[in-house]
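The values are calculated or read from the model by the stated rules, or taken from the named source; none is laboratory data. This structure is a prediction, so every number in the text was calculated from the model and none was measured. Note that each Cβ is placed from the backbone with ideal geometry, even for glycine, and that neighbours are counted across all protein chains shown.
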């Protein structure tokens, strides 16, 4: 799917239907919207975004969030906020994919970025 110019989206449905590890669906001047699907047993991977706040909203599955020194379980309906400069990782601890959408402010990825798998994202 290429990036959209629509300003209203059925985002929960889109996130649940997404099968790609990462898919950028909208990039503005100050914010980016990305769909993610983390496979069973997988993780996003530990990282720090300097200069980028991130919000993750979980729509399906269960996982473990590590943000700074805190660890907590996450699932459908949960939101995690990652302040700029904070180490974070999200792991799928359930059965089936962990589905979410996330925003970066300002944008983190090149517009139109698509990664079918984490290995492709890491490459």
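Take residue 112 and tell me if it is surrounded by fewer than 16 Cβ atoms within 10 Å (Cβ to Cβ), modelled with pLDDT under 95 and in contact with a strand residue (DSSP E or B) (Cβ under 7 Å, 6 or more places away or on another chain).
The answer is yes for residue 112.
Residue 35 - would you say it is closer than 19 Å to residue 122 by Cβ and touching a strand residue (DSSP E or B) at 6+ places or on another chain (Cβ under 9 Å)?
Working: closer than 19 Å to residue 122 by Cβ: yes; touching a strand residue (DSSP E or B) at 6+ places or on another chain (Cβ under 9 Å): yes.
Yes.
Return only the number of the condition from (1) free of Cβ contacts under 8 Å to residues at least 60 places away in the same chain; (2) under 23 Å from residue 106 (Cα atoms); (3) surrounded by fewer than 17 Cβ atoms within 10 Å (Cβ to Cβ) that residue 90 does not satisfy.
Residue 90 satisfies all of (1) free of Cβ contacts under 8 Å to residues at least 60 places away in the same chain; (2) under 23 Å from residue 106 (Cα atoms); (3) surrounded by fewer than 17 Cβ atoms within 10 Å (Cβ to Cβ) except (3).
This table checks each residue for (1) modelled with pLDDT of 95 or more; (2) farther than 11 Å from residue 100 by Cα.
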residue	(1), (2)
24	no, yes
28	no, yes
36	yes, no
42	yes, yes
46	yes, yes
57	yes, no
62	yes, no
68	yes, yes
73	yes, yes
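Within the range 7-24, take every residue that is without any contact (Cβ under 8 Å) to a residue 12 or more places away in the chain and either part of a loop (DSSP other than H, G, I, E, B) or within 12 Å of the chain's Cα centre (by Cα) (or both) and give me the one that is surrounded by the most Cβ atoms within 10 Å (Cβ to Cβ).
As a first pass, look at the range 7-24 and keep what is without any contact (Cβ under 8 Å) to a residue 12 or more places away in the chain: 7-8, 10, 13, 17.
Next, from what is left, pick out any that are either part of a loop (DSSP other than H, G, I, E, B) or within 12 Å of the chain's Cα centre (by Cα) (or both): 7-8, 10.
Working: 7: 6, 8: 5, 10: 10.
For the range 7-24, the residue satisfying everything is 10.
As an exercise: evaluate residue 41 against (1) in contact (Cβ under 8 Å) with a residue 40 or more places away in the chain; (2) farther than 21 Å from residue 123 by Cα; (3) exposed (fewer than 12 other Cβ atoms within 10 Å of the Cβ) and give the number of the one condition it does not meet.
It is condition (2) that residue 41 fails.
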